[in-house]
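Here the structure is laid out as structure tokens; the discussion comes afterwards.
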Amino acid sequence: MAEAEEENREEIVAEKKSKRNRKKQKTENPSQKEETQERKQNGEGKPQQQNQVAGGDHPAQNNNGGGSSKKRKQREAFPFGNYRNYYGYRIGQEVDEDPRLKVLKREWFEGKDCLDIGCNSGIITIHIAKKYNCRSILGVDIDTARISDAYWHLRKFSREHSGSSSTNVSKEEVKEKLKASKQIAHVVPGDGEEIKKEASFSEKTNLFDVVSFRQENFVDSRHSHEKQYDTILCLSVAKWIHLNWGDDGLITLFSKVWKLLVPGGTFILEPQPWDSYKKNYQVSKTAAENYRNIMFPPESFREILLDKIGFRSVEDLTAGLTGSKTGFNRPIFAFHK
């Protein structure tokens, strides 16, 4: 009798334990499923190694909240400045366009070949092409995900300017529409100057013929650029190169820019201030080590570019910069080769 009671007790304990395990599994699975769905929506698969340089700064990551979402945000780091939705943080909703566009001069871009180093999601690259009618502009960023974002934005802007209401317009369809509009502009009767203006506008909005993007680590890349450029931009990127590659990386950046510029070309630099370095140097061990050994603070960039690299003159564009979001009030310089 005792043995039977003991067996029953063990069966009851085993059944309770099994129920607890099933209950625990049910409470955990929705969270795990939610995290999996969230990662898929964000285009995440297997965790990627962060070996990327991209433009931009970002406020401190907000880890408020709970559950798997909190853990995911804590794991997600951007030690090279390759933030998602960077322009959403930098540009306020009340601003029509990036304030930096207002201080750029048309003659640096119109009909010129241009390069944007650390283009992130490509928004300012595309806006420059549209506003100033570049002959070509290449955006480079080592983060493959950001380059994917840039091409998504390029398709979006192309659809808008082609007048299409479809959300599934292909690249080929966009190009055909814009080529057709260009042909019409050339045959419209009237004053020759008006025809020229219409053709120019069509070329500006034919974004796939003007704008391109490429995944590239500009500092370490052995990729040989096929041509030189009239204008090169490096906007809020120098700090990330500096922190991750030290003074040597910074000098490499400046030297490569010099070699890629045509005589008389322009290098537009937006350096982050030293206070910004202090906020981000703990993002990785490499950054922290380089931060301690930096000998060339941002205040010395102007002297280095003029006296060491060889630029002949510099324009300080900062005074004309208005409407920047708090935390992004930075100097902008145009160095002329």
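The values are calculated or read from the model by the stated rules, or taken from the named source; none is laboratory data. All of these numbers come straight from a predicted model, not from anything done at the bench. So basically every Cβ, Gly included, is an ideal-geometry build from the backbone, and we count neighbours across all protein chains shown. Keep in mind that these areas ignore ligands, DNA and RNA; they rest on the heavy atoms of the full protein, side chains included. Shrake-Rupley method; radii C 1.70, N 1.55, O 1.52, S 1.80 Å.
The set of residues from segment 281-322 being of a type in the set (Gly, Ala, Ser) and without any contact (Cβ under 8 Å) to a residue 40 or more places away in the chain comprises ALA288, SER300, SER313, ALA319. One residue stands out in segment 127-151 among those that are aliphatic (A, V, I, L, M) and open to solvent by less than 10 Å² (accessible area, probe 1.4 Å): the one that is nearest to SER221 (Cα to Cα), namely VAL140.
Residues checked against (1) open to solvent by less than 30 Å² (accessible area, probe 1.4 Å); (2) among the aromatic types (Phe, Trp, Tyr); (3) touching a Cys at 6+ places or on another chain (Cβ under 6 Å); (4) assigned to a helix (DSSP H, G or I):
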residue: TRP245; (1), (2), (3), (4): no, yes, no, yes
residue: THR266; (1), (2), (3), (4): yes, no, no, no
residue: SER300; (1), (2), (3), (4): yes, no, no, yes
residue: GLU303; (1), (2), (3), (4): no, no, no, yes
residue: PHE335; (1), (2), (3), (4): yes, yes, no, no
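The residues on offer are ILE117, ILE124, ILE195, and the sole one that is surrounded by 14 or more Cβ atoms within 10 Å (Cβ to Cβ), at pLDDT below 90 and of a type in the set (A, V, I, L, M) is ILE195.
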